[in-house]
Amino acid sequence: MKLKDTRNDFPILDRLNRGKPIAYLDNAASSQKPNCVIDALSDYYRRFNSNVHRGIYELAEEAESLYTNARKCIADSLSVKQNEIIFVRGATEGLNLIANTLGRSVLKQGDIVILTEMEHHANIVPWQMICEQIGATIKVVPVLPDGSLDLEKLFDYLSIEKVRVLSLCATSNTLGTVNPIKEITKEAHKHGTYVVVDGAQSMPHEKIDLSECGCDFFVFSGHKVFGPMGIGVVFGKASVLDDLPPYQGGGDMIDQVSFEGTTFAPSPQRFEAGTPNVAGAIGLGRAIHYLDQLDMNEVHMHEQNLLKVAQEQLHQIDGFKEYGTTVDKAAVISFTIDSVHPHDLASILDAEGIAIRTGHHCCQPLMKTLGVEATARASFAFYNTTEEAERFANAVKKSVSILS
Ligand code: PLP
């Protein structure tokens, strides 16, 4: 599939925002959905809706088969086994699942979990909660002035004996920094440390091969990879998942239940209590299939070009500051402009049809390090155009002349 032909697959991009053609540059928060995903959802509810697992009629068998195929499609795309793919509500639930299962089974009092300063709250708070219960502590790897991770410090921390888990993002939602996950995982594994990767921001931008990467866990949200809201994935290595306790209890995750005690199903069912989001899983499978038809190198080059077009213009503005300047960063620009409040800027851009996000981006600890309360953030996806990147930069320039 050619990148230039994809724009028409996204009907929402034809709508207006405040009466102007929308330039949707808030893709790091949530991405838009192609027709094939929207159709998969409505098709499921029109033609296949029924509960999965144990249905002895044609309709239920068809729903089950679509659900199973979605898991297979995602597993194949990531080069892992089907029983290593657990459906959850999103990256947040995935990280809570990992903190509560891996955390509870491997952490003891006095142990250490390593996080980084660039983490989203979803990869901080679940670990804080579990560490507090267990009496474990958290060590935080600093971010360097260009937004890259202090790898020297990280590797130092990994050599501390009590470190059991490292949990970090593959790509920062605020800085755009792309962390060298494969290299980090290799080093962590030398010390017997489990590696959990928050892939929420890397999945939409690069081809992920988890058999290559080597991490123990990887999570992502469907709604950021052109799939539905309310569905996401935890990948866990089968050898690790097999030894973990369940997350939530209920139907569909058991082997045998009696009042004397309960035994549990193998993975992934052990981690999927209750009726799953069947339509969401099918829609996500469709989104991953759609992405797999794209040349992700072409996507990367296109997004980098959008970034460059916007950066060139924005850096001409007096008082403009970009946070995260590593050369190979993802197509995300977080910035402030002296004496211009990010919210005011976003309101003026909104009136021009341009959708960006402002605030702390669920990264309050990172904001503290950067010395700001909030930034404005534009984030690109493959369907954005050069014209949109130019419109955005010109509108920022115009806003500054109004606001300062
Ligand atoms: N991790 C990162 C890096 C994110 O950017 C986000 C969302 O912005 C999340 C986790 C949480 O994702 P969700 O809200 O879909 O669970």
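Just so you know, all these numbers are worked out from the coordinates, no wet-lab data involved. Predicted model only: the values in this text are computed from it and were never measured. Cβ sites come from the backbone with ideal geometry, for glycine too, and all protein chains shown count toward neighbours.
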Seminar exercise, completed: With Rg from the Cα atoms and Rh as the Kirkwood inverse mean 1/r over Cα pairs, the stretch 148-233 has an Rg/Rh of 0.99
Exercise. If you count the DSSP beta bridges with both ends in the stretch 38-292, what percent of them are antiparallel, to the nearest 5?
Worked result: 50
For this session: Give the residue from TYR323, ILE254, ILE354 lying farthest towards the positive end of the charge dipole for the stretch 234-379; charges sit on Cβ (+1 for Lys and Arg, -1 for Asp and Glu) and the dipole is referred to the Cα centre.
Result: TYR323
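Kindly state, to the nearest 0.05, the FRET efficiency for SER42 paired with GLN82, given R0 = 41 Å and r defined as their beta-carbon distance. Show your work: numbers first, answer last.
Values: r = 26 Å, r/R0 = 0.63.
FRET efficiency, SER42 to GLN82: 0.95.
On average over all directions, what projected area in square nanometres does the stretch 30-157 have, based on the convex hull of its Cα atoms?
Seen from a random direction, the Cα hull of the stretch 30-157 projects 11.5 nm² on average.
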Seminar exercise, completed: The alpha-carbon center of the stretch 357-377 and that of the stretch 182-237 are separated, in whole Å, by 24
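Subtracting the Cα-Cα distance from 0.36 nm times the residue separation, let me have the gained length for SER105 to SER239 in nm, one decimal. Display every interim value, and only then the final one.
Values: separation 134, 0.36 × 134 = 48.24 nm, distance 1.41 nm.
Net length gain for the segment: 46.8 nm.
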Exercise. In which sequence would THR336, THR325 go, from the one with the fewest C-beta neighbours within 10 Å to the one with the most?
Worked result: THR325, THR336
Problem set entry | the stretch 286-401: equivalent-ellipsoid semi-axes (sqrt of 5 x gyration tensor eigenvalues, Cα, Å) | 25, 17, 14
For this session: Let me know the shape class of the stretch 174-213, please: from the alpha-carbon gyration tensor, a ≥ b ≥ c as square roots of the eigenvalues, rounded when a/c is under 1.5, otherwise prolate if a/b is greater than b/c, or oblate.
Result: prolate
For this session: Mind jotting down a quarter of the surface of the convex hull over the alpha carbons of the stretch 28-91, in square nanometres, one decimal?
Result: 5.6
Exercise. Taking the Cα-to-Cβ direction at LYS368 and at GLU390 and moving 7 Å from each Cα, how far apart do the two end points lie in nm?
Worked result: 4.4
For this session: Counting only C-alpha contacts under 8 Å and six or more residues apart, can you give the relative contact order of the stretch 1-159 as a whole percent?
Result: 12
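Where does the charge balance sit around PRO266 when Lys and Arg score +1, Asp and Glu -1, over other residues with C-beta under 13 Å from its C-beta?
Numbers: positive: LYS81, ARG270; negative: GLU84, ASP242, ASP243, ASP252, ASP255, GLU272.
Here the count lands on -4.
Output the direction-averaged projected area (hull surface divided by four) of the convex hull of the alpha-carbon atoms of the stretch 182-306, in nm². It would help to have the intermediate numbers written out before the result.
Details: hull surface 38.2 nm².
The directionally averaged projection comes out at 9.6 nm².
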Exercise. Measuring from label point to label point, each 7 Å out along Cα→Cβ, what is the ASN69 to HIS341 span in nm?
Worked result: 5.2
Seminar exercise, completed: ASP252 and THR275 label points (each 7 Å along its Cα→Cβ direction) are spaced in nm at 0.9
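Order of CYS213, CYS169, CYS36 from fewest to most other C-beta atoms within 10 Å? Walk me through the numbers before you get to the answer.
Values: CYS213 20, CYS169 28, CYS36 16.
By the 10 Å Cβ count, ascending: CYS36, CYS213, CYS169.
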Problem set entry | Between 0 and 90°, nearest 10: helix 125-134 axis offset from the chain longest Cα axis | 40
Exercise. Which whole-angstrom value gives the distance between the alpha carbon centres of the stretch 77-138 and the stretch 5-61?
Worked result: 29
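Against the 2.2 N^0.38 Å scaling, with N counting residues, where does the chain land? I'd like the Cα-based Rg ratio to two decimal places. Kindly include the intermediate steps, with their values, before the conclusion.
Working: Rg = 21.8 Å, N = 404, 2.2 N^0.38 = 21.5 Å.
Ratio of Rg to 2.2 N^0.38 Å for the chain: 1.01.
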For this session: List the pair-distance distribution P(r) of the stretch 70-119, using every Cα-Cα distance, as the percent of pairs falling in each 10 Å bin from 0 up to the bin containing the longest distance, rounded to whole percents.
Result: 20, 39, 32, 9, 0
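Can you give the local net charge around GLY227? Use residues other than it whose beta-carbon is closer than 9 angstrom to its beta-carbon, Lys and Arg +1, Asp and Glu -1. Intermediate values should be presented prior to the final figure.
Working: positive: LYS33, LYS224, ARG286; negative: none.
Overall, the nearby charge balance is +3.
Arrange the following residues from fewest to most other Cβ atoms within 10 Å of their Cβ: LYS4, LYS139. If you can, show how the numbers build up before the last one.
Values: LYS4 10, LYS139 18.
Least crowded to most crowded, the residues run LYS4, LYS139.
In debye to the nearest 20, how big a dipole does the chain give about its Cα centre with +1 on each Lys and Arg Cβ and -1 on each Asp and Glu Cβ?
In debye, rounded to 20, the chain gives about 400.
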Exercise. Once both axes come from the Cα atoms, what is the angle between helix 342-351 and the longest principal axis of the chain, in degrees from 0 to 90, rounded to 10?
Worked result: 80
Problem set entry | Calculated [θ] (222 nm, deg cm²/dmol) that DSSP helices of n ≥ 4 give over the chain, each run adding -39,500 (n - 2.57) | -11500 deg cm²/dmol
For this session: Quick one: grab the alpha carbon gyration tensor of the stretch 186-260, order the square roots of its eigenvalues as a ≥ b ≥ c, and give me rounded if a/c is under 1.5, else prolate or oblate depending on whether a/b is larger than b/c.
Result: oblate
For this session: Would you please classify the overall shape of the stretch 196-238 from the alpha carbon gyration tensor, given that a ≥ b ≥ c denote the square roots of the eigenvalues, rounded means a/c under 1.5, and beyond that prolate means a/b larger than b/c while oblate covers the rest?
Result: oblate
For this session: Report, in degrees rounded to the nearest 10, the 0 to 90 angle that the Cα long axis of helix 296-314 makes with the longest principal axis of the chain.
Result: 40
